[in-house]
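Inspection log for the structure reproduced underneath, given as structure tokens.
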Amino acid sequence: MRLFFAIDLPEELQEPFAVLQDDLAGAEGLSFTDPEQAHLTMKFLGEVPTEEETDDANGDEPTVSDAKVAGAVAAEATDLGPFEMEVGGLGAFPSEEYISVVWAGVRDGAADLHELAAALETATTERGFSPADNDFTPHVTVARMNDARGKDLVQDRIRNEDPTIGRFTAEELRLTRSVLGEEGAEHETIARFPL
């Protein structure tokens, strides 16, 4: 199953998140994240087999159980406790000139997120998962740009606006399953790890 670790945006921030998306609605070529599934990805694991799906030939391959252990170890190792975050501002991956993803950043709480991401990186790689390809940048994906028709509007918003989505207390890390379908990805929480 396709897995990642995340901190979900709480229900009370779904409306301001949607308002931010409405401001970008005039940009053609964007596909928007479902506000009910908005989250900060802490570590993407990719396809991970269950214990039943592994065989002797792939005995060293990490499994869903390994992911659950890694999440518990990372949450405990940081000893952060619940922490405050503010989500706001806009950016793009990989750059403002070539936009693939439009995201909202994290103002307050970024240091705690970096600490948790580092603990997850250690705990997952120790259990055989691949190391991250990129440096961790705390963000919530607002939209994906499928083509460049709306690029000028998106660039204008990134350069000239500084929206605030809101504040919340991060209380748990989640191991999430992503199921890709015709309507986009559906997310299901597999395990929760209190902070």
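Here, each number is a calculation from the coordinates, and none is a lab measurement. Every value quoted in this text rests on a predicted model; they were computed, and no experiment measured them. Here the Cβ positions follow ideal geometry from the backbone for every residue, glycine too, while neighbour counts run over all protein chains shown.
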- Message: Over the Cα atoms of the range 71-182, each weighted equally, I'd like the Debye log10 I(q)/I(0) at q = 0.15, 0.19 Å⁻¹, rounded to two decimals.
- Response: -0.81, -1.11
- Message: Just to confirm the filter: which chymotrypsin sites (Phe, Trp or Tyr not before Pro) across the range 26-129 are DSSP coil and have at most 13 other Cβ within 10 angstrom of their Cβ?
- Response: TYR98
- Can you check what the net charge comes to around PRO163, using other residues whose Cβ is under 14 Å from the Cβ of PRO163 (Lys, Arg +1; Asp, Glu -1)? -3
- Query: How long are the three semi-axes of the equivalent ellipsoid for the chain, computed from the Cα gyration tensor as the root of 5 times each eigenvalue, in whole Å, largest first?
  - Reply: 30, 20, 15
- Message: Quick query: amide H of ILE190 versus all other amide H atoms, modeled in the peptide plane; which residues come in under 5 Å with a sequence gap of 5 or more or a different chain?
- Response: LEU175, THR176, ARG177
- Note on the structure: Under a Gaussian network model of the chain whose springs join Cα atoms within less than 10 Å, the largest fluctuation of THR176, THR125, THR41 belongs to THR125
- Message: Within 10 Å of each candidate Cβ there may be at most 15 other Cβ atoms; applying that plus a DSSP loop requirement, which GluC sites (Glu not before Pro) in the range 56-133 survive?
- Response: GLU96, GLU97
- Note on the structure: The extension gain from GLU96 to ASP156, computed as 0.36 nm times the residue separation minus the Cα-Cα distance, is 20.6 nm
- Gyration tensor (alpha-carbon) shape descriptor, the range 11-73, a/c threshold 1.5: prolate
- Set the Förster radius R0 to 25 Å, insert the Cβ-Cβ distance between ILE190 and ASP135 as r into 1/(1 + (r/R0)^6), and round the FRET efficiency to 0.05. 0.45
- Query: Comparing ALA18, ALA185, ALA110, which has the greatest mean-square fluctuation in the GNM of the chain with Cα pairs linked when under 10 Å apart?
  - Reply: ALA185
- Message: Using amide H atoms built in the peptide plane, which far-off residues or other-chain residues are under 5 Å from GLY88 H to H?
- Response: GLY105, VAL106, ARG107, ILE165
- Once the Cβ-Cβ distance between GLU172 and ALA77 is put in as r, and R0 is 22 Å, what FRET efficiency do you end up with, to the nearest 0.05? 0.90
- Task: Take each complete run of DSSP H in the chain, measure how far its Cα atoms stretch along the helix's own axis, and keep only those covering 18 Å or more with mean Kyte-Doolittle hydropathy at least 0.0; list them.
- Result: 64-78, 110-126
